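I have placed the structure first, in the form of structure tokens, so that the comments after it can refer back to it.
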Amino acid sequence: MNSSSSVRRSLGSRFAHWLGLGWIVLAALGMGPAVAQEAAKTVRPEIGKPIQAALDLLKQKKGKDALAKVRETEAVGEKTAYELFLIDQVRGQAAALTGEAGIAARAFEAAAASAAAGEKEKQQFLAAAAGQFYTAKEYGKVADVAGRYFKAGGNDKAIHNLEIQALYLGNNFAQAAKELLLDIQAEEQAGKTPAEIQLQLLLSSYEKLQDKAGSAQALEKLLTYYPKKDYWQGVIYSVTTRTGFSERLALDVNRLRLVTGTMRGASDYVEAAQMALQSGYPAEARKFIDAGYAAGLLGTGADADRHKRLKERAAKDMATDLKALGQDDAQAAASQSGTALFNAGLNYVLNGRSDKGLGMMESALTKGGFKHPEDAKLQMGYAYYLAGQTQKAIQVLKKVQGSDGVSALSRLWVIRLGQTS
């Protein structure tokens, strides 16, 4: 499974909207009348007349004819800096309208470099050049021109977005990710929600770099701000397939998958129920089974009889467990290790007796002696969640540490519970 396949599919159709390319592509087209007035006063007729004719044609959306008029000025020798400035402006407008992006980009770039260009004009023509280089797929030039735009005092966010997109499309994924992360962090610090397309592009950049830690970070941010099922599936897959993730956390993973609605098929529900039974939690196994039936994935098809037998076994074990509930509490409480007491308390919670079970689990954590103490904290958070004590769950889960997956699962629980509290 590719954890961001759905993300990547949506990128292409949304880039133009995010970048705001509409005004960048033809940024200078509104300058025609001013250019015409200046041309009539300061340039020679052999330059001014074809430029005026080109401007008139541009008003009629006749880009090719306008470009032909501009080319008539090529025969005129010893052009002044201002004449070249005007020619480049109109050439850029005409070429952009005609769809000749490469010509337009270089014309706007030349206009921006002219000594005749004012500060605002320089910014405007650099912005237009960046848009045209992007259209021409000259992504290296986009980044170069955008950099000059910002050095010239420009501050339009659309140009920055254009630069980042050019870095990505030019295969400079590391720099694209760096710029995106800085932007996202700045928005978070300002109390703003980063755009979904930014987070998607960050994720895709990390995946291109095969940076699993970065990919997981980007997915977690997507979940935080845009908690869609596809993102949950992606981040859970990313976490559980990371090097070093422990198999002992399989039941904890299935608990999270059930809560986030990311169980994918009948086998997922069956395996989760079997894990719960093996762990001594038939009430939880029944929960997985009931969810599978409610989803229409269990009790049908060729394995319907198998599903029925599993359901009957869970019901039988649950009845036996309820009869025996409490018989070993004293022995568990007397044990030097808190493990037995903790497991007994969790079983109470799973059977709807959180009033008794949570106290036992809290006492067990104080006693200690766990082989995997961070796992116990994760499960304590889960128990608080089941008991409806969301804030306590979040407090405990935030303290979980470890590099074998337990901390990563806890962070996902914090995200999930933060969306429901």
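The values are calculated or read from the model by the stated rules, or taken from the named source; none is laboratory data. What you see is a predicted model; the values in this text were computed from it and never measured. Every residue, glycine among them, receives a Cβ derived from its backbone with ideal geometry; neighbour counts consider all protein chains shown.
When residues of region 258-292 are filtered for being of a type in the set (Ser, Thr, Tyr) and buried (at least 17 other Cβ atoms within 10 Å of the Cβ), how many remain? Residues meeting the conditions: 4. Against the test of being surrounded by 20 or more Cβ atoms within 10 Å (Cβ to Cβ), touching a helix residue (DSSP H, G or I) at 6+ places or on another chain (Cβ under 6 Å), among the charged types (D, E, K, R) and more than 21 Å from Asp404 (Cβ to Cβ), the options Lys208, Lys221 yield a single qualifying residue, Lys221. Residues that are part of a loop (DSSP other than H, G, I, E, B) and basic (Lys, Arg) within region 245-282 comprise just one, Arg264.
For the condition over 25 Å from Gly153 (Cβ atoms) and in the same structural domain as Glu46 (by TED's automatic domain parsing), Val90 does not qualify. Candidates are the residues of region 386-421 that are within 20 Å of Ser354 (Cβ to Cβ) and touching a residue at least 40 places away in the same chain (Cβ under 8 Å); the one that is surrounded by the fewest Cβ atoms within 10 Å (Cβ to Cβ) is Arg416.
Of everything in region 325-351 that is free of Cβ contacts under 8 Å to residues at least 40 places away in the same chain and within 16 Å of Arg286 (Cβ to Cβ), the residue that is surrounded by the most Cβ atoms within 10 Å (Cβ to Cβ) is Val349.
Entry remark, region 283-336: residues being within 27 Å of Thr260 (Cβ to Cβ), outside any helix (DSSP H, G or I) and among the hydroxyl-bearing types (Ser, Thr, Tyr) number 1 in total. Cβ-Cβ contacts under 7 Å between residues 6 or more apart (or on different chains), taken from a first residue in region 44-68 that is without any contact (Cβ under 8 Å) to a residue 12 or more places away in the chain to a second residue that is buried (at least 17 other Cβ atoms within 10 Å of the Cβ) and part of a helix (DSSP H, G or I), are listed as Gly48/Ala39; Asp65/Leu57. Residues in region 118-148 that are in contact (Cβ under 8 Å) with a residue 24 or more places away in the chain, closer than 19 Å to Tyr82 by Cα and charged (D, E, K, R): Glu119, Lys122. Among the helices (runs of 4 or more DSSP H) confined to region 114-174, the ones with at least 1 residues that are under 18 Å from Leu202 (Cα atoms) are located at 139-151, 157-169.
Can you pull out every residue in region 226-244 that is surrounded by 15 or more Cβ atoms within 10 Å (Cβ to Cβ) and part of a helix (DSSP H, G or I)? Hits for region 226-244 are Asp230, Tyr231, Trp232, Gln233, Gly234, Val235, Ile236, Tyr237, Ser238, Val239, Thr240.
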